[in-house]
Structures are given as C-alpha cells and as structure tokens.
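Below is one structure, written out as structure tokens, with a few remarks after it.
The values are calculated or read from the model by the stated rules, or taken from the named source; none is laboratory data. Keep in mind that this is a model prediction, so the values were computed, not measured. Ideal geometry is used to build each Cβ from the backbone, glycine not excepted, and the neighbour counts take in all protein chains shown.
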C-alpha cells in the first residue's frame, strides 16, 4: 500500500465504528474510496454523483437542513455523513460551510464489504441523532430490567378495595371499622363521590387530642381536597407526591374512579435501601443528629442505583425526594421549637432540587415566600426558621449556597407581593444580574407550606414572559454563553490546565445549556413545569421547538446526565468528592462518538436559537 493510501487507512481506522473492523477489511474499504472536493456553499452530492454514497469528512464542515429549513445537524473533520445512504433523500439538503475535502464510497459496495459486521453496518444506517436515540432506548430498557421495583407502576403496589364511609358516619364507627379491617385509613364518600380521607393519625390528633366527641361525624376531622394518583403512574410519582404533600396514604384512581390505596408501607415492603425507605426513616427522626446519621445513605444510594443501571432521571428524582424529606422534617422540628407560623408561608426549593435533577453532595438553593399579611415583627420568626433549616441541611451534607441563594438571605425571604415585584423587574429590565437570577428563580417548587403563594406568582410571571419577546431574546443571548466543548474540527475542547486538566465539564458545557434552552422554551410557551425533560416534552410541537428537536435534546440530556451520574458514582465509591469533570479516556470510543453526537445536538439547537434572535 503506497503512502497516500496508508495515510487514508490510518485516518479511517481511528474513526468509530471503523475501529471495530480488522485491517484487511479496512484495506478493502480504502481501495474503493474516491476523493472529492466541495467548495463553500456547494451542495452535496457533488455533481454527477447519483448513487447512494457514504461520505467521510477529512477536512472542512458540512451542515444539513430539512425541507422546511430546520437545521438538523453539522459534520466536521472525522465525522461520517450517512444521510445519502438511504434511498429517500429528496427532503435533505446538505451544503459545505467551508471548503471541504471528502472521502466517498459507494454505499452498496461498502455494504457488501462489511456485511459480516452487522453492528458496524447498523451505525451507517442511522444519523448521529438516531444512534443517540437508540443508545438511550437501550439504557432505559436496561433500567427497567435491572432496577428495583421502585421503577414499577403503581398497579404493582396498591391494595383494594378501598373501604369508604359516608360523611355522617361517626368518628367512633369509623374507628371501629378501621380496627376490624386492620386499615390505617378510610375514604369519606357520599354518592360514590370521594370527599376526603381520615387516618388513624387524624383520629389521634384531631379527635382525641382536641377533645372532640366520638359521636361527631367523621367529616369533621377528615382531610378534604384529597390527593389522588392515577393507576398509570409510577411508584416514583407516588413517592414524589407523598413526600411533597407529607402524606402516607394515597388513593389510586382509574378514569377518576377510586380503585385502591397505596401507602408508604406498601412501597417499603418491596424495597430495601432505597429512596422510599430513606424518606420514611427521615420522617421518623426526632433530632438533627439523627438526620445527619441518615444523610450518609445518600451517596450510597446513588452508587447503588448507578450499578443497577437506573436512569439519571430516576436517580435525580430519588435524591431530590430525599432532600425534600430532609427539608420538611427540619421545618417541622423548627415549628415545634419556634411555635406555629405567624402567617401563611411556603418554603421553596430552587435550581436542580426544584427540577428534581439533584445528585449527591449538592449545595442548597432555597427561599421563602410569605403571605402579604406579614407584619414587621414576624420577620424574626422567619429568620429563625431559615437559620434552623439551612444549618440543619448543611449538617446533613447540603453545603451552603456559594451564591447565598438561601432563605437565610433577607433578599430571598420576602412576601408574595415582593416576589411579584422581583419577577416583574427581572423580565422588564433584563440586565446581567437579572438574567443571572433567572437561571435560579425561574425554576422553583414548593417544598412545604401554602403552594398557592408560589402558584399565583408563577401564573402572573408566565403570562408576562409569553408576551415579552425582548426578555426572551436577552435570556437566549445569555444562555448561548455556555457552549458545548467541540472545537473547529468538531473534536473535544478539553480544559487546558489546573486540577481538571484534559477533562470535559459535563455540567456547565453539556447539561446546563440544555437546561437553559428548556427554560427558554417553557417561558416562551407559558409552561409551568420546571423539570427539564417535562419542559421539552411539553414544548415539543410548539412554535418554539419542533418535535424532532425536542426528542434529540431529551436524548442528549439523558445521555449526558447518565455519564455524569456514573462518573460521580465511581468517585463516591473511591471515597473521593464527586465532580462534573470527565476525561474522554474514561469512556469507550463508541461512547465518545455518542458524546460528540449529544454536543452536536446542543450546538445545532443553540445555532437555531441564535438565528432566531
């Protein structure tokens, strides 16, 4: 083989999945290769080429768009353009962004050469987006097969039938029935319409402790506005709802009809060291020192779930639920110490905890929203509450926020009216400081207290962001500052020096840009949810985001989150502090190719956003 062919052979043999082919097969491929040169602005295929062709970029850059003009992706040095390997390419337009040198080979000839290598062949029959999607489908399937029963549907856990009594049933009759059936709760219903729920705890606290006569109707001590969960939901959904609402019994419905009941005990009976069990232990803790002892289980849970092949989405939801449980228990302890709150309030989580995307050893991001009835003298109570809870969280391993985004900061311990002013000011005067706050406070959820306080503020805020194209434009420009670490030739740009030299920052250059894009789509479309995947799912098919782009972003987000989760689990297992810095050498060549695909998806959507400004 002459020197020119040797150089081509060595170049091609380095590219995934060509690196899986033996040398003699690579030689056959190289012998069939033609060299093409396409000038900037010219379209592919080159003039005169009509057959299905595979292109390997030696130098230069290509972009391809759909028939509607949507930018679908880009190719750089070392990338393999397989879009012309399919028969139907009429709706695809590929052009050179710069003068480009290509290696091309007839696809049918190439197909015959590698026919005995189906895994390699499959690679060329898909785009990088399709390959990434296939990878994530496989990851999710493995998670279902390998993970614990916590990932199962509610139908695996609930028990039926649900025992109901009418609203006129006496408390004593209800207690007798619960004792006979060995049930810890009853549903109150009139004419088959559920009105509320009563538990053994309600009888103790609301009847016996308050001195209410046992012959009074059970409706006088029931909890109205009963939370329910649909049978199609997962045990994770039940866990999140029970934790957020601080309840232990959750009625299950099918087409709005009551069919069963699921309890924390039902979930625990099928689980060992998991999020459900940990949250249950947290709720029973009597002191902060007990909570500190429990907190050591969080990194162990992340390690365990990573080993089981659980998705990063489920890990994030589990750890976020545990953080929520710690916070709720600390607030309860504080209220017992300080006395009842002087006015209604809500403890808010911000950032990754609010989005249910938290991993072990995260810092705190929280705030307080207080009723407008608050008086100046009440500020001392809320200051003491914030100090007790934040100090307790810090003792449990949730470090103080470096940016002081905590309820202990008077700026973030304010009335509902003040919070409305904040959002109005940030939207109408989007200076750099305001845009910085947006990345934190536009992702909020209520952990404890009156959720209506935040819901009212959010509703007004979303109506404003939908109308404010100037604010969305500013937010978009700010979000584009975080770019995926791909160089001019689409290779990884690694950190050059310091303790994280030769690594990629998965969080700030991969995950955060997707979180930012999802937030922009949500604010543009008035979407209230704050979870990144849910935002993308709900924005899909709107004027802000096509369905295909949403699917690609979700795949990229899940893949990057999975790499980060596994990387952190390895660090934790070695007794090291988890971080977000991944060396490409830690993962296989094929995973590096998927990683490039994920970064390209981000870059493509960022470029589209930039063009829309």
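List of remarks:
- Checking 539, 518, 556 one by one, the residue that is surrounded by 21 or more Cβ atoms within 10 Å (Cβ to Cβ) and either farther than 24 Å from residue 66 by Cβ or touching a strand residue (DSSP E or B) at 6+ places or on another chain (Cβ under 7 Å) (or both) is 539 and no other.
- Among the residues of segment 500-515, just one is closer than 10 Å to residue 482 by Cβ and in contact with a strand residue (DSSP E or B) (Cβ under 7 Å, 6 or more places away or on another chain), namely 505.
- Only one entry in 15, 20, 57, 62 is surrounded by 14 or more Cβ atoms within 10 Å (Cβ to Cβ) and touching a helix residue (DSSP H, G or I) at 6+ places or on another chain (Cβ under 7 Å), namely 20.
- Residue match in segment 359-370 (condition: surrounded by fewer than 23 Cβ atoms within 10 Å (Cβ to Cβ) and closer than 18 Å to residue 446 by Cβ): no
- Of the candidates 420, 411, the single residue that is in a helix (DSSP H, G or I), out of contact with any helix residue (DSSP H, G or I) (no Cβ under 7 Å at 6 or more places or on another chain) and outside the structural domain of residue 599 (by TED's automatic domain parsing) is 411.
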